[in-house]
1. Of 350, 328, which residue is surrounded by fewer than 23 Cβ atoms within 10 Å (Cβ to Cβ) and modelled with pLDDT under 95?
2. Please give the strands (runs of 3 or more DSSP E) falling wholly within segment 204-308 in which 1 or more residues are at pLDDT below 95.
3. Can you give me the number of residues within segment 285-323 that are touching a strand residue (DSSP E or B) at 6+ places or on another chain (Cβ under 9 Å) and either free of Cβ contacts under 8 Å to residues at least 24 places away in the same chain or closer than 20 Å to residue 178 by Cα (or both)?
4. Output the residues belonging to segment 199-224 that are surrounded by 22 or more Cβ atoms within 10 Å (Cβ to Cβ) and out of contact with any strand residue (DSSP E or B) (no Cβ under 7 Å at 6 or more places or on another chain).
5. Among the candidates 167, 112, 151, which residue alone is buried (at least 16 other Cβ atoms within 10 Å of the Cβ), in contact (Cβ under 8 Å) with a residue 12 or more places away in the chain and assigned to a loop (DSSP other than H, G, I, E, B)?
6. Considering only residues that are surrounded by 18 or more Cβ atoms within 10 Å (Cβ to Cβ) and out of contact with any strand residue (DSSP E or B) (no Cβ under 6 Å at 6 or more places or on another chain), look in segment 236-247 and name the one that is nearest to residue 207 (Cα to Cα).
7. Is it the case that segment 154-161 has a residue that's part of a helix (DSSP H, G or I), in contact with a strand residue (DSSP E or B) (Cβ under 8 Å, 6 or more places away or on another chain), buried (at least 17 other Cβ atoms within 10 Å of the Cβ) and touching a residue at least 12 places away in the same chain (Cβ under 8 Å)?
8. If you go through segment 42-64 one residue at a time, how many are surrounded by 16 or more Cβ atoms within 10 Å (Cβ to Cβ) and more than 9 Å from residue 93 (Cβ to Cβ)?
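The values are calculated or read from the model by the stated rules, or taken from the named source; none is laboratory data. Note that this is a predicted model, so its numbers are computed, not measured. Here Cβ is always computed from backbone atoms with ideal geometry, including for glycine, and neighbour counts include all displayed protein chains.
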């Protein structure tokens, strides 16, 4: 049975549970520079503390234990610790040359935790999503207000970076690929292009999940799209799921999730922050707070997959899992025959009108 079939069978039965934040848990361990360096990078010329992805190489037992804690809390799917594991992001630490090792190690940490969780509960299926972050460079916008035509990175560079990451994640054994925390749709399209390139190379596919970030109450991505325009921009990729994560707490995501649930012809995911950051950079929403909001989203019929992003912990995930388990999963929207175009906003030409003019 294929992974896609297994996932579809799960999502037809119930709402699936995604894990919570990795960084929040790492911070509780008060790691030092030496933890991030390990023997391999003991003499590296740059400071490495804060490069959380590197811990998959220097403290793999810690990362595996954090994945295990989410499986123990009820997660069906955990994300690899690879949010910044591209040559472009790791260049800030002068570690672009270890990206393949990073992604392989991260995938293996998560897969080991998944197999261990399955062994504890015979018959349980635990999934691993290869997390593909948004980069610290953008294709759609100039970093220089005086040079609107300038870009700090090219399409070729972005696709090459994502291609390297995708190859390593798949080699490490991930079940799905998750392009997440998207703030620039053009970056996401580069990631999707890279994924399709690697699928063609390997002659096999895995499900692709996509998750966007609505940056504030304007209801738009950082590059300016509404949630419907974003969906129409990536609909051609036929994603397994599309969703919203990060930036906002669940309460503020409500209208955008409702709209996405209305139009999406695939499964829908939601994993918000534990509220907005406070003055100290922390997150104040309790497990009960998050569970109440996401439980209501489930009651409304908007969810297929649910979890947490920044500030969430295994305790949050356990509470969310309990809150949504009594509600049936969302039924995807029927495929539309309308012509759906998008720029910053969506333009829909009804199929009946298009047929009448043809």
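1. When all the criteria are applied, what remains is 350.
2. Result: 241-249.
3. Here the count works out to 13.
4. none
5. None of the others qualify; the one that does is 151.
6. Step by step, filter segment 236-247, then rank; the result is 237.
7. Within segment 154-161 (the criterion being part of a helix (DSSP H, G or I), in contact with a strand residue (DSSP E or B) (Cβ under 8 Å, 6 or more places away or on another chain), buried (at least 17 other Cβ atoms within 10 Å of the Cβ) and touching a residue at least 12 places away in the same chain (Cβ under 8 Å)), the answer is no, since none of the residues qualifies.
8. The qualifying residues number 11.
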